[in-house]
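Peer 1: Okay, here's the structure, questions in a sec.
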Amino acid sequence: MQTTYQMFVETSVPSDELIISRTDLSGKITYANETFARISGYAIDELIGKPHNIVRHPDMPHSVFKTLWETLGRGEMWKGYVKNLRKDGGYYWVYAEVSGVYKDGVLVEYKSLRAPMDEETKIKMQREYDECKKDEENTSRAVIYLQSSLVEKIEKLAREKNRPADEIINEILSDTLF
């Protein structure tokens, strides 16, 4: 459950820079350039060794990444638009190209180059991804305002049950309202 203003703040990728990373075959980051670190809000050493989905935004439909892995599995380059999550809860949009890296004909790693997107495309993709999440995952984005005491209770319950606060809220709503 995101409770900070930062979740509404977008970080722009500079038009003259590329975000570059490499991962091993399981998706763990083996290289991250300074632009990736700066835009994502992580230090390079916080990224290395972590799964690349450390920056996966909850607005992204699972089907996008399913298609990405299927495309890579065929030995092809995947191209698409991605909304990523910053360490501080903010976000940034990129146009991404992901492909395999081969040595002597053997796949050894993946590389990803990400570039900035124009505002019109961001709006279009957010609408498309919202529809995908609704159709494929039966989820919708919602912003709600709760009394601080309720937020504290939900967060405490989530800690006690070792579950995400969003799951607790879904459980409460589904059990009491319907």
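The values are calculated or read from the model by the stated rules, or taken from the named source; none is laboratory data. These figures come from a predicted structure and were not determined experimentally. So basically every Cβ, Gly included, is an ideal-geometry build from the backbone, and we count neighbours across all protein chains shown.
Peer 1: Being surrounded by 15 or more Cβ atoms within 10 Å (Cβ to Cβ), at pLDDT below 95 and more than 21 Å from Lys111 (Cβ to Cβ): is that true of Met1 here?
Peer 2: Answer is no for this residue.
Peer 1: Quick one: Ile154 ticks every box in (1) among the β-branched types (Val, Ile, Thr); (2) modelled with pLDDT of 95 or more; (3) part of a helix (DSSP H, G or I) except a single one, so which number is it?
Peer 2: (2)
Peer 1: Follow-up question, since we're still on this one. Against the definition (at pLDDT 95 or above, surrounded by 13 or more Cβ atoms within 10 Å (Cβ to Cβ), part of a helix (DSSP H, G or I) and not assigned by TED's automatic domain parsing to the domain that holds Phe36), how does Lys124 come out, yes or no?
Peer 2: Judged against the criteria, Lys124 is a match.
Peer 1: Check Thr139 against each of (1) in contact with a strand residue (DSSP E or B) (Cβ under 8 Å, 6 or more places away or on another chain); (2) surrounded by 12 or more Cβ atoms within 10 Å (Cβ to Cβ); (3) among the hydroxyl-bearing types (Ser, Thr, Tyr) and name the one condition it does not meet.
Peer 2: For Thr139, the exception is condition (1).
Okay, residues lined up against (1) under 25 Å from the mean Cα position of the chain (by Cα); (2) closer than 22 Å to Lys83 by Cβ; (3) in a helix (DSSP H, G or I); (4) basic (Lys, Arg):
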{"position": "Glu131", "(1), (2), (3), (4)": "yes, yes, yes, no"}
{"position": "Lys134", "(1), (2), (3), (4)": "yes, yes, yes, yes"}
{"position": "Leu146", "(1), (2), (3), (4)": "no, no, no, no"}
{"position": "Leu150", "(1), (2), (3), (4)": "no, no, yes, no"}
{"position": "Glu171", "(1), (2), (3), (4)": "yes, no, yes, no"}
{"position": "Ser174", "(1), (2), (3), (4)": "no, no, yes, no"}
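Peer 1: Follow-up question, since we're still on this one. Which pairs turn up if I take residues in region 162-175 that are under 15 Å from Pro58 (Cα atoms) and of a type in the set (Gly, Ala, Ser) and look for partners that are modelled with pLDDT of 80 or more and outside any loop (DSSP other than H, G, I, E, B) with beta carbon separation below 6 Å, at least 6 apart in sequence or on another chain?
Peer 2: Every condition considered, the pairs that remain are Ala165/Ile154; Ala165/Glu155; Ala165/Ala158.
Peer 1: I need the full set of residues from region 67-83 which are under 25 Å from Met7 (Cα atoms) and free of Cβ contacts under 8 Å to residues at least 40 places away in the same chain, in order please.
Peer 2: Correct list: Gly80, Val82.
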